[in-house]
1. For the chain, what does -39500 (n - 2.57) per DSSP helix run (n ≥ 4), summed and divided by total residues, give at 222 nm, in deg cm²/dmol to the nearest 500?
2. Within segment 75-111, name every residue whose backbone N is under 17 Å away from a label modeled 7 Å from Cα of residue 117 along the Cβ vector.
3. Once ligands and nucleic acids are excluded and a 1.4 Å probe is used, how much of residue 31 is accessible, expressed in Å² to the nearest 10?
4. At 1.4 Å probe size, what's the solvent-accessible area of residue 101? Round to the nearest 10 Å².
5. Under 8 Å for C-alpha pairs, at least 6 residues apart: give me the relative contact order for the chain, rounded to a whole percent.
6. Using only Cα atoms and rounding to the nearest 10 degrees, what angle (0 to 90) does helix 26-42 make with the longest principal axis of the chain?
7. Of all the accessible heavy-atom surface of segment 77-123, with the other protein chains kept in place and a 1.4 Å probe, what percent is carbon and sulfur?
8. Using amide H atoms built in the peptide plane, which far-off residues or other-chain residues are under 5 Å from residue 4 H to H?
Amino acid sequence: MSRYHFHLRDYGTVHRDLEGTELADADAARIHAEGIAEELMRHSSFRTRYWSLGVEGGPGEPKFDVFFADVDKRLAEHPPARRSAESETCRRIGALTDLCSALRATLTETGILLARARRKPHLVHARGK
């Protein structure tokens with residue numbers, strides 16, 4: 001059994017799964033991730049189809065991504081071109097969200113380094129949406 005972490009990406013924010021879930025293997029993790037995606041979409045608006053889950057096998061060990069547009073059963077009734085466009089949009093939003101998250105982390109680290117260089121205290125806080 002391995003511990004997998006399922007990090008939810010929505011518009012510009014990554015919600016990190018700090019606890020993780022014990023699962024047999026990567027296939028079981030994929031099934032679990034798809035179940036999470038389907039459950040979230042079932043209880044939310046169509047906009048959640050642009051969300052995704054980044055699955056890690058350990059801290060900083062990416063395994064795969066599950067894009068909600070790929071498991072959204074409501075898209076089955078649309079033409080293939082529309083499904084493809086929705087899937088590509090989901091992937092781009094996921095990449096942009098990862099980039100924004102990395103940028104925020106870099107800015108925080110830069111602030112800490114500058115404060116240390118100036119021998120001043122630096123408080124780090126989480127910014128709410």
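The values are calculated or read from the model by the stated rules, or taken from the named source; none is laboratory data. None of the values given here were measured: they were computed from a predicted structure. Cβ coordinates were reconstructed from backbone atoms using ideal geometry, including for glycine residues, and neighbour counts include every protein chain displayed. Quick note on the areas: whole protein, heavy atoms, side chains included, nothing else; ligands and nucleic acids left out. Shrake-Rupley method; radii C 1.70, N 1.55, O 1.52, S 1.80 Å.
1. The per-residue figure over the chain is -15500 deg cm²/dmol.
2. Zone members listed by number: 106-111.
3. 120
4. Near enough 40 Å² of accessible area.
5. Value for the chain: 24 percent.
6. Taking Cα atoms only, the helix is inclined about 80 degrees.
7. That fraction is 61 percent.
8. Counting only residues 5 or more places away or on other chains, the set is 21, 22, 23.
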